[in-house]
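One structure is given below, encoded as structure tokens.
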Amino acid sequence: MLSNIIESARHPHEIRALYKLYTRYRSYKPDSRPLEELALVQRDLDFCYSTLGKVSRSFSVVIQQLPQDLRDAVCIFYLVLRALDSIEDDTSIEYEIRKGLLEQFHTFLNDPDWSIKGVGDKKDYRVLLNNFQKVTRSYSYLDESYKEVIKNIAREMGEGMILYLDKQIKTKEEYDEYCYYVAGLVGVGLTDLFVNSGLEPSLGSNDIYPVSMGLFLQKTNIIRDFREDLNENRTFWPEEIWSKYVNQIEELKHSKRASMECLNDMITDALSHAEDCLSYLSLIQNPLIFNFCAIPQVMAIATLDTLYDNSNVYSTNVKIRKGQAADLIFKSTDFEEVRDIFIDLANNIFSKVKLMDPSSDVITKNLKTILDHGRSTRTQMKVRVPDEVYSLTANQSNS
Ligand code: MG
């Protein structure tokens, strides 16, 4: 915690946000309802929430802010997907075994005894899979409509993961397809859960926005984790993009110019989803659901801003400052605020775009759609984006 404060020393508003983060966002407190049956249910749920905190600290914070019955469904949904991902990622397990597990995984949800030992490349993932019966029991208490969503998404995601289990991502189309299976489907499933809860009747009206929400987050992670993934002998960057700059992907670590151009190309591609994400967020009515959806999106665009034209991506784990993250979390309270954050960060990225960068035209276009989205939905709002930025953007896209 101290190091986070020191890191934000020159940004006092971030220190205030950090203080709020540490004092307000306490961890999950088990419900102590007296009924015996509920006590058993609660014991399994306690495992789910404590495991959630271990396998994803950031999602655990936002999930705990959701309305009660939706919160349990989303927590279990997250753990089911985390378990699937643990099977997908554990390359120490033979291909045929992983394939079989991914194929059947959705059926294990109806088996209150199913669990598996020794699968998962991190201790917390192995604990999750080794105690998976606690997750499936918790799943069995959920409303039927939630269960159906979770099971269908687990089936489709498992099938999609199998397609890419032993295949390199070559084309941009394959890249989008892979991201659809592992993340777009998360957006689709969450949207179905929100709609089924009765809290968000209008969210299901567009099929593309939920997918874009997932793709934007997934692509940001794939860009940020390039070095880490390559160290583990894998990459999710599509050959169609990196082969424009180098012959072998490993060369990116050695050629400064090619590596920056390739990185910026990847970020340009990710930013193409940002406008859909704003459109999705603008449809949300419940403030708790809004917060849950908006925070990861805001973190993603802030991360892309930090990654853009940043050669450290190839040598260290680049992350946004915890203080900046805390500040953004507390600002993301309603659509207008989030849209303004997107506009500020889009402007920031734009200020770093060099005309000679091969993707400068496309990124300018993508950033402009974010700024235009702000302009079209900006009514009597405070104007934070000076008009010269618009004219600059327009000039550059014409040049
Ligand atoms: Mg994975």
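Read-outs: derived from the displayed coordinates by stated rules, not from any lab. Quick caveat, the model's predicted, so the values are computed rather than measured. No Cβ is skipped: glycine too gets one built from the backbone with ideal geometry, and neighbour counts run over all protein chains shown.
Could you give the distance between the Cα centres of segment 79-138 and segment 258-290, to the whole Å?
Cα centroid of segment 79-138 versus Cα centroid of segment 258-290: 30 Å apart.
Does segment 127-241 come out rounded, prolate or oblate, given a ≥ b ≥ c as the square roots of the eigenvalues of its C-alpha gyration tensor, rounded meaning a/c under 1.5 and, failing that, prolate meaning a/b above b/c?
Oblate shape, in that a/c is at least 1.5 and b/c is the bigger or equal ratio.
In percent, what relative contact order does segment 266-345 have, based on Cα pairs under 8 Å that are 6 or more apart in sequence? Don't skip to the end; give the middle numbers.
On the way: 45 pairs, mean separation 29.9, N = 80.
Dividing the mean separation by the residue count of segment 266-345 yields 37 percent.
Which of the aspartates and glutamates could a cross-linker bridge to LYS331, judged by Cα under 16 Å and excluding same-chain residues fewer than eight apart?
Output for LYS331: GLU14, ASP340, ASP344.
Along Cα→Cβ, 7 Å out, is where each label goes; now give me the distance between the ones at ASN348 and LEU2 in nm to one decimal.
2.8
I need the calculated FRET efficiency for the pair SER255 and GLN285, taking r as the beta carbon distance and R₀ as 56 Å, to the nearest 0.05. Display every interim value, and only then the final one.
Values: r = 49 Å, r/R0 = 0.87.
Between SER255 and GLN285 the formula returns 0.70.
Hey, which of these cross-link pairs are over 29 Å Cα-Cα: LYS244/LYS352; LYS170/LYS365; LYS167/LYS365? Kindly include the intermediate steps, with their values, before the conclusion.
Values: LYS244/LYS352 21 Å; LYS170/LYS365 25 Å; LYS167/LYS365 32 Å.
Cα-Cα > 29 Å for LYS167/LYS365; rest within.
Taking the Cα atoms of segment 264-369, what is the range of coordinates along each of the three principal axes, in descending order and whole Å?
Each principal axis gives a Cα extent; for segment 264-369 these are 43, 29, 18 Å.
For MET260, MET213, which order do you get if you count the other beta carbons within 10 Å of each Cβ and list the fewest first? Each step should come with its number before you reach the end.
On the way: MET260 20, MET213 27.
With the sparsest Cβ surroundings first, the list reads MET260, MET213.
Between ASN310 and GLU36, what is the FRET efficiency for a Förster distance of 56 Å, r being their Cβ-Cβ separation, to the nearest 0.05?
Values: r = 56 Å, r/R0 = 1.00.
In this case the efficiency is close to 0.50.
About the Cα centre of the chain, what is the dipole size in debye to 20, counting +1 per Lys and Arg Cβ and -1 per Asp and Glu Cβ, all else neutral?
1520
Measure nothing fancy, just the Cα-based angle from helix 287-307's long axis to the longest principal axis of the chain, in degrees from 0 to 90, nearest 10.
Roughly 50 degrees, rounded to the nearest 10.
What angle, in degrees between 0 and 90 and rounded to the nearest 10, separates the Cα long axis of helix 144-163 from the longest principal axis of the Cα atoms of the chain?
60
Taking other Cβ within 10 Å of each residue's Cβ, how do VAL362, VAL74 sort, fewest first? Mind showing how you got there, number by number?
Details: VAL362 17, VAL74 26.
Arranged by neighbour count, lowest to highest, VAL362, VAL74 become VAL362, VAL74.
Rank these for me by crowding, PHE342, PHE236, PHE335, going from fewest to most other beta carbons within 10 Å. Provide the component values of the computation, followed by the final result.
On the way: PHE342 25, PHE236 20, PHE335 16.
Exposure proxy ranking, most exposed first: PHE335, PHE236, PHE342.
Pick out which of LEU163, LEU102, LEU288 has the largest mean-square fluctuation in a Gaussian network model of the chain, springs linking Cα atoms closer than 10 Å.
LEU163
Once you compute Rg and the Kirkwood Rh from C-alpha atoms, what is the Rg to Rh ratio for the chain?
Details: Rg = 21.5 Å, Rh = 22.3 Å.
That ratio is 0.96, to two decimals.
Which FRET efficiency, nearest 0.05, do GLU103 and GLU228 yield, Cβ-Cβ r, R0 35 Å?
Working: r = 28 Å, r/R0 = 0.80.
The pair GLU103/GLU228 has a calculated efficiency of 0.80.
To the nearest 500 deg cm²/dmol, what mean residue ellipticity at 222 nm is calculated for the chain from DSSP H runs of n ≥ 4 alone, each contributing -39,500 (n - 2.57), summed and divided by the residues? Kindly include the intermediate steps, with their values, before the conclusion.
Working: 21 runs with 271 residues, N = 399.
Using -39500 (n - 2.57) per qualifying helix, the result is -21500 deg cm²/dmol.
Once Lys and Arg get +1 and Asp and Glu get -1 on their Cβ, which of TYR308, ILE153, TYR245 lies farthest toward the positive end of the dipole of the chain?
Comparing the listed Cα positions along the dipole, TYR308 ranks first.
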